[in-house]
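I have placed the structure first, in the form of structure tokens, so that the comments after it can refer back to it.
The values are calculated or read from the model by the stated rules, or taken from the named source; none is laboratory data. Treat the numbers as computed from the prediction; the structure is a model and nothing was measured. Glycine also receives a Cβ, built like all others from the backbone with ideal geometry; neighbour counts cover every protein chain displayed. In case anyone asks, the SASA skips ligands and DNA or RNA and just uses the protein heavy atoms, side chains included. Shrake-Rupley method; radii C 1.70, N 1.55, O 1.52, S 1.80 Å.
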Amino acid sequence: MALLSPSSSRHHPLPLVAALLLLMAMAAQPSVASLLYDQVEITWGGDHSFFYMEREGADVLALCLEETNGGSGFASKDTYLYGRFDIDIMLVANNSAGTVATFYLMPDGEVPWAYHDEIDLEFLGNATGEPYTLHTNIFVNGAGAREQQFRLWFDPTTDFHTYSIEWNPKHIIILVDGTPVRAFKNHAARGVPFPTWQRMRLQGTLWNADEWATQGGRVKTDWTQAPFYAYYRNLRVTPCAPPPGVAWCGDEPPESAWFERRLDRAALKEAQEKHMIYDYCVDEKRFKDKGFPKECNAD
């Protein structure tokens with residue numbers, strides 16, 4: 001792990017020596033939930049990604065991508081079965097075409113693909129001045145192809161914004177600054193698989209995907225603009241709270257409406273009407289031969 005101060009960051013970090021001493025002190029203390037440094041570890045690209053301290057006291061993880069390094073990533077030290085996961089991200093600025101920053105949940109360890117679950121947020125870079133696309137997907141038992149995409153309605157490169165995954169036995173909800181943009185309901189009773197049994201680890205990455213990420217791969221990464229940085233901070237994990245009288249969330253009775261209150265359906269409908277640009281459930285050309293997936297007609 002490198003500990004440096006990114007010259008391109010608009011958030012002015014503390015001097016390097018002070019930040020180093022502070023992080024060394026943090027490492028010697030018991031885990032502090034509010035510090036990202038204690039919650040995650042850099043899993044690849046550790047020689048060019050780094051933590052630094054903001055003057056406000058928050059620690060920030062800067063993931064770096066250059067042509068020669070392939071990118072970088074982190075993973076949470078803990079694994080989870082249900083919960084709400086919020087993190088603040090500031091995305092790659094200026095010409096970010098071809099780059100992809102991510103935040104997602106995936107099973108811990110080597111899981112056979114037939115049992116692979118994943119809840120995916122991918123931020124697709126674009127040419128300078130063009131809006132970012134939030135690409136979402138949900139894999140269950142090795143099957144994905146459940147893409148929904150949204151245009152972010154703000155500039156995500158000038159400040160931090162909060163991106164969230166809420167995963168409970170009834171829904172997977174994806175939120176942007178507290179606004180729900182996607183909900184995937186548990187329709188297991190109708191034959192639609194839903195992740196309910198294996199723990200998952202939070203991960204984040206920054207990597208090059210210019211073969212598909214920007215305008216279908218027509219716009220490539222401009223490496224003269226490198227290095228590219230995406231910044232992560234303030235990870236909050238809220239455990240799933242079961243209904244009164246229920247031991248844990250997985251034991252919630254099927255007929256219970258306890259988790260329905262977690263979804264603001266009016267806000268979801270408004271956000272999708274304004275910001276959704278692709279929904280697999282209305283892509284008639286894609287599914288004209290085999291028909292739409294079961295979940296598309298279940299609600």
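Structural remarks
- Measuring nothing but how far apart in sequence close Cα pairs (under 8 Å, 6+ apart) lie, relative to its length, the chain scores a relative contact order of 23 percent.
- Using the average count of surrounding beta-carbon atoms within 10 Å as a protection proxy, the listed peptides 190-201, 36-47, 238-249, 56-67 rank, highest first, as 56-67, 36-47, 190-201, 238-249.
- Contact order, relative form, for segment 123-279: 25 percent (alpha carbon pairs under 8 Å, 6 or more residues apart, mean separation divided by residue count).
- Trypsin sites (Lys or Arg not before Pro) restricted to segment 54-155 and DSSP loop, no more than 15 other C-beta within 10 Å: 55
- Sites listed here are GluC sites (Glu not before Pro) in segment 82-170 whose DSSP assignment is loop and whose Cβ has at most 15 other Cβ atoms within 10 Å: 110.
- The loop-placed GluC sites (Glu not before Pro) in segment 270-299, going by DSSP, that have at most 13 neighbouring Cβ atoms within 10 Å of their Cβ come out as 284.
- Label-point gap, in nm, between residue 158 and residue 234 - each point 7 angstrom along Cα→Cβ: 1.8
- Against the chain, whose longest principal axis comes from its Cα atoms, helix 265-275 is set at around 60 degrees.
- Accessible surface of the chain [probe 1.4 Å, protein heavy atoms]: carbon and sulfur percent: 52
- Think of a 1.4 Å ball rolled over the protein heavy atoms: segment 131-271 then has 44 Å² of accessible area per residue.
- Value of [θ]222 nm, deg cm²/dmol, for the chain, DSSP H segments ≥ 4, -39500 (n - 2.57) each, nearest 500: -2500 deg cm²/dmol
- Entries of 185/274; 170/294; 269/294; 220/269 with Cα pairs more than 25 Å apart: 220/269
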